[in-house]
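Notes to accompany the following structure.
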Number of protein chains: 2
Amino acid sequence: MSQWFAWSAPVAAIIGLAVAAYLAVWVLRQDPGNEKMKKISGEIQKGAQAFLFAEYRSLIIFAIIVAIVLAFAVSPLTACAFLTGGILSVIAGYIGMYVATRANARTTQAATKGIAGALRVAYRSGLTMGLVVASLGLMGLSLWAIFFLVFHETPEPEIVDGFVMGASSIALFARVGGGIFTKAADVGADLVGKVEAGIPEDDPRNPAVIADNVGDNVGDVAGMGADLYESYAGAILAPMVLAVAMTFSGILTGENATIALVVPLVLAAGGIIASVLGLFAVNTDDGSKVHKALNRGTYLTSGLVFVIILAVMVFWQMSTGLEAIWFFLSAAAGLAAGLAIGKLTEYYTSYHYKPVKKIALASESGAATNIIEGLSTGMLSTVLPTLVLIAAVAIAYLAGSQVGGMEFGVYGIGLSALGMLTTTATIVGVDAYGPVADNAGGIAEMAGLPHEIRERTDQLDSVGNTTAAVAKGFAVSSAALTALALFVAFKTNLDAGLAANPAATPLNIDLANPFVIIGVLIGAMMPFFFGAMTMGAVSRAANAMIIEVRRQFREIKGLLAGEPDVEPDTKACVSISTKAALREMMLPGILAVVIPVILGILDVNILSGFLVGVLSSGFLMSVYMANTGGAWDNAKKFIETGEHGGKGSEAHKAAVVGDTIGDPFKDTSGPSINILIKVVTVVSLVFVPFFLSLGGGLLHGVLF
Amino acid sequence: MSQWFAWSAPVAAIIGLAVAAYLAVWVLRQDPGNEKMKKISGEIQKGAQAFLFAEYRSLIIFAIIVAIVLAFAVSPLTACAFLTGGILSVIAGYIGMYVATRANARTTQAATKGIAGALRVAYRSGLTMGLVVASLGLMGLSLWAIFFLVFHETPEPEIVDGFVMGASSIALFARVGGGIFTKAADVGADLVGKVEAGIPEDDPRNPAVIADNVGDNVGDVAGMGADLYESYAGAILAPMVLAVAMTFSGILTGENATIALVVPLVLAAGGIIASVLGLFAVNTDDGSKVHKALNRGTYLTSGLVFVIILAVMVFWQMSTGLEAIWFFLSAAAGLAAGLAIGKLTEYYTSYHYKPVKKIALASESGAATNIIEGLSTGMLSTVLPTLVLIAAVAIAYLAGSQVGGMEFGVYGIGLSALGMLTTTATIVGVDAYGPVADNAGGIAEMAGLPHEIRERTDQLDSVGNTTAAVAKGFAVSSAALTALALFVAFKTNLDAGLAANPAATPLNIDLANPFVIIGVLIGAMMPFFFGAMTMGAVSRAANAMIIEVRRQFREIKGLLAGEPDVEPDTKACVSISTKAALREMMLPGILAVVIPVILGILDVNILSGFLVGVLSSGFLMSVYMANTGGAWDNAKKFIETGEHGGKGSEAHKAAVVGDTIGDPFKDTSGPSINILIKVVTVVSLVFVPFFLSLGGGLLHGVLF
């Protein structure tokens, strides 16, 4: 009666939530510092909360419309699952933001006593977010799955798909909106403050600085959390849907069918427990070892997950005699690829390695060479991650095939995505730690604390930049692998459905079909379109911000001179970012959901090509943009350590230009494309029953 | 006996060559100006000739190795055809460069009397190149085709494929090498001259200026010519190969089989005649109407081609009763798409429209916003061309299918690529006119001619910038369409070959095959890799150039002060560009040829996915890079007309940064990716018999 193992998932989720609650309470009990720090932190809290509320409010109408469409086009229960997926994402994002915006001043305060305490506060607040994201995702998904896949007599995958689509849609808006918010503030603050007025970063006179700090929380905490929440749910779902299809077609029978369905839940449960245990490894008293401490957490978690996967597969093999041990290779390939791509991202974006050093050197001949070198590095940095990704796919597939044929190979691809994402809680934790440390530094600066405090938070922050880049590499590779697994599930369902209908033309997604290639071309174009929309949005919003900051410097007397009791109007800047983000996120978000549906209504062959086009070109664009931006950022930081003339030199000025361009690259467009890949695939998967009801699309069979 | 119509192709080619000879002689008879102008022009000639000779020399070994491999892996005749394709490309490039580097001073001299004469010299020299390119391409291809496809009892397509592969390989090196040469010089000259030393563009004191002018000729004349020569040959070949396959499989019989084989040659012949007639439309005495005059030439040629296509298809339908009139739509869709994408390119890159004006406006807040806006515009500019391209493919396919099923639809796609490329001679002519006008301006500056001469050549040059951008749009869309047609031919041959071998596993290029998706991912990565290699090459070479120019300014006494009789060492700069180009072009060139062969040796399914991946991601990247660069260039030019503070303002400085980054974008990486798309497809097509001899690859049937 192995299906009862499915309950391990909600149980692990509850454990995860309990630990998260413990960590959150611990963080909130820390000393938030003096009045000034509390006030600054309070402003950041208010700004972040106001933005998230406004964002969620403006999504309600969207969610209701989509739910109604789903209720009619697919099923009412799918619509319910969709709403649950979305609501849980919102809750996770809110909790994460709540803790992070309170951990910032507490980290600063802890830093007054030493780096160990500061690291502990920042990392524990990050891990709160990580555990909430993973636990709520697993909780919601597993409950729907338990009722409609595991214990239901005729499993109804489209209902559970709805949950992931809810997660996806919220993630999309959170990423696009959060990305625009944070970079409008960041670019605006930098261009007027650092470049025009010549005041330092995070200077309290700059009215856009609070908005910038708010942005770190809504973009890097809430946005990244929603992103990985979605990948996580999708990666658990994909192998389950494949297991249902294999059972339906008689490839999996009896106990094997049940275990194949339950294994993804068990692996995810194990991942959460491993992440909790990994927490104990992150501890150091030595500022130079922060990075090592964080890595220790990741490696310990990953090591535990390897063991868990192995144990689960051995159990499976011993229970039924199926050679499930091969699946260990499949899942492990995904996990290893995630770690490898993270390392590669670090190589291309950290200033301890050659690529970033070359960009810094190129800055000596000006902004143009800095940018040419950066773009070239970013493009080059796509090569190895692509090869790692395809190696993982090939290994996962070939290993899986050894179990019993190509359907098992496809299931293996699903497991590889899941294998990569089992460590989600830790990855999100390490990533969300970054903005907290960043905020902590900002608060130290704005509150006028002694210089050594800022130095300590800077140490935490510089590690945070690298871990953020690594998390981005992980996010995009997991997005690609999850999307691939979901695409395979989509194709399997579509194929079975069309085959079951004697009147329907079979699926023809052969590359010789010109309409498949047309689909691929449209799909390949989407990331460019998305990149243009999001870059354009940041450009417009940053411009509005620049005008406002200039106005305040001009009109508020004594502000620039730094007279006491003269304060900038920080709310006006928060409001500009909020409005711009809400306005600009709608079109990309709606297009990502609507275009696959339209293509599917036309012809599922075109839609299939489209999904592969988005996946391939989107993966490349996302890696390219994220790494280019990360590399520029750290080239600037490298120069600030005193190389090539240090701060204020011509090389530094050139590097600031690159860094500014890199902001929307790495924090708005790149991550948005990341989600785009998943959203279009999940939407297509959910709508499969609807497309089937149209016989595979209005033009299906007419065109080819 | 309709196969005799095939001879129209070599006949038209001879006419084209005769007209080209007449034009060349006419240009060379014009007055080359005073001694100083002759001297400068002579230096450009020597530099260009030296580079082309060195380039060709270093390609000999490559060509011989490939020919030997082809002789063994495919057939000795294929190797011969390969060498012919390459040699004719070299000859066309050399003639074009020869005339262009002599027309430059003659255009300057003609400009002393007025703009009409100057336009005539520049355009006639450009058209010489255009006619030579098209005529030699058609001559070579048609002779091989006549002997091995049309009059041969058992047609041997792989022999004729070899011709196109020769064209491709040379084009690749010409584009990559020429692109690196010209941009190393341009970026180097600008960064030290304009930015550091504060001397104007084309100032004779700048030692890199001659190299920059040489670059215009080897990059924009010889490089672009080789690019379109290759597309042209490929576009004629693809429908012929498809006709052979359709005859082989019994879909085409009797007279229809012959006509389908001969029609591509007849259409190409008609295109050359139409281009010759279009020449008469390009004439104006009014400087403000230069652009209109050039457009008139393009439209007249296109109009004539429409009529020719219609007449040919009516003739076909009347001869055999096959509803060939539908093919008119197929070919016309391609021709119209070429014109439409040209117009769209103009919209996104000319300063008469909103996108470039917005970039110019963004320059007011500095280089960062200029670049963000430029990158965003470039990404956005991919959307409509993609839609136009897929519309052309869909129309060509659906119209063709009306003739008698999907195989005819595929043949229709081949005709659409050809339809687009029938006007090649005119397009190359209009494009090659640009660098001649550009050189003419440089000579006017360097020879110290009165200001109004430079103003006249500037008028010609500014139009040349737009026509160059339009030609780039045309080049990339024709590359995509040609590659698609060649891919279809590749797939058809592969399919037939595997089906004929009972021991071989059939082709499985269904998107559900993970190895096809792996292929797509590798393919999608290639343009990024290529972009990185070529951008990096320009960056390295420009750096060497900067160091040399700085050295000369420092060490040659009186040079910067402009003392009489003190001359810079221009040869040293030409030599830096030459060496860098030759060194840096080898790796990308070799990879483009070798990677598809390796993938095919592994498994033709992976290779098929790879080709679609390169096509889709490469088309997007190429359009993105070309348009971004073009838009930055013209944003700078727009500011130089006096907007946003004009020359020397902060906005102008910001725009110069964008322009400098745009140089390798639009003139090195974008065009290189363009060729990459075609090279990988042609190489794959040529090696089909070899892959078949391996049963579809060593892992074929093992993997899936």
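The values are calculated or read from the model by the stated rules, or taken from the named source; none is laboratory data. Just so it is clear, the structure is predicted and the values come from calculations on it, not from any experiment. Cβ sites come from the backbone with ideal geometry, for glycine too, and all protein chains shown count toward neighbours.
Some values worked out for this structure:
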quantity	calculated
Helices (runs of 4 or more DSSP H) fully within region A:281-362 counting 3 or more residues that are modelled with pLDDT under 90	A:290-320
Failed condition for B:A197, given (1) in contact with a helix residue (DSSP H, G or I) (Cβ under 8 Å, 6 or more places away or on another chain); (2) at pLDDT 90 or above	(2)
Residue that is nearest to B:P157 (Cα to Cα) [pool: residues in region B:499-515 that are outside any loop (DSSP other than H, G, I, E, B) and within 11 Å of chain A (Cβ to nearest Cβ)]	B:D510
Scope region B:644-671; condition away from chain A (no Cβ under 12 Å) and under 30 Å from B:V597 (Cα atoms); matching residues	B:K666, B:D667, B:G670, B:P671
Answer from B:S672, B:S684 - the residue that is at pLDDT 95 or above and under 22 Å from B:S169 (Cβ atoms)	B:S684
Subset of region B:332-343 [surrounded by 21 or more Cβ atoms within 10 Å (Cβ to Cβ) and under 20 Å from the mean Cα position of the chain (by Cα)]	B:G334, B:L335, B:A337, B:G338, B:I341, B:G342
Selection within region B:534-587 - of a type in the set (S, T, N, Q), out of contact with any Pro (no Cβ under 7 Å at 6 or more places or on another chain) and crowded, with 19+ Cβ neighbours inside 10 Å	B:S539, B:N543, B:S577, B:T578
Candidates A:L685, A:L676, A:L615, A:L620 - the one that is under 27 Å from A:Y353 (Cβ atoms), assigned to a helix (DSSP H, G or I), touching a residue at least 12 places away in the same chain (Cβ under 8 Å) and of a type in the set (A, V, I, L, M, F, W, C)	A:L620
Residue match in region A:399-419 (condition: away from chain B (no Cβ under 14 Å), without any contact (Cβ under 8 Å) to a residue 40 or more places away in the chain and either in a helix (DSSP H, G or I) or within 28 Å of A:I661 (Cα to Cα) (or both))	no
Qualifying position, being on the phi < 0 side of the Ramachandran plot, in contact with a Gly (Cβ under 9 Å, 6 or more places away or on another chain) and of a type in the set (D, E), among A:D495, A:D461	A:D461
Residue in region A:429-445 that is part of a helix (DSSP H, G or I) and surrounded by fewer than 24 Cβ atoms within 10 Å (Cβ to Cβ) present	yes
Any chance B:E230 is charged (D, E, K, R) and more than 21 Å from B:L415 (Cα to Cα)	no
Test: residue in region A:297-320 that is farther than 30 Å from A:S8 by Cβ, free of Cβ contacts under 8 Å to residues at least 40 places away in the same chain and under 24 Å from the mean Cα position of the chain (by Cα)	no
Selection within region A:358-398 - β-branched (V, I, T), within 9 Å of chain B (Cβ to nearest Cβ) and more than 17 Å from A:K343 (Cα to Cα)	A:T369, A:I371, A:I372, A:V393
Hey, B:Y353 under 18 Å from B:W632 (Cα atoms) and without any contact (Cβ under 8 Å) to a residue 24 or more places away in the chain or not	yes
Filter result for A:T369 (surrounded by 24 or more Cβ atoms within 10 Å (Cβ to Cβ), of a type in the set (V, I, T) and more than 28 Å from the chain's Cα centre (by Cα))	yes
Qualifying residue in region B:122-136 (condition: in a loop (DSSP other than H, G, I, E, B) and touching a residue at least 60 places away in the same chain (Cβ under 8 Å))	no
Filter result for B:A79 (at pLDDT 95 or above and part of a helix (DSSP H, G or I))	yes
Counted residues, region B:75-114 - those being within 21 Å of B:F687 (Cα to Cα), touching a Pro at 6+ places or on another chain (Cβ under 9 Å) and surrounded by fewer than 24 Cβ atoms within 10 Å (Cβ to Cβ)	1
Scope region A:194-239; condition crowded, with 24+ Cβ neighbours inside 10 Å and either within 14 Å of chain B (Cβ to nearest Cβ) or outside any helix (DSSP H, G or I) (or both); matching residues	A:N206, A:P207, A:A208, A:A238
Any chance A:A524 is within 14 Å of chain B (Cβ to nearest Cβ) and more than 30 Å from B:L507 (Cβ to Cβ)	no
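Conditions tested, residue by residue: (1) within 13 Å of another protein chain (Cβ to nearest Cβ); (2) under 30 Å from A:L398 (Cα atoms).
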{"position": "B:S477", "(1), (2)": "yes, no"}
{"position": "B:A480", "(1), (2)": "yes, no"}
{"position": "B:G497", "(1), (2)": "no, yes"}
{"position": "B:I517", "(1), (2)": "yes, yes"}
{"position": "B:A532", "(1), (2)": "yes, no"}
{"position": "B:E567", "(1), (2)": "no, no"}
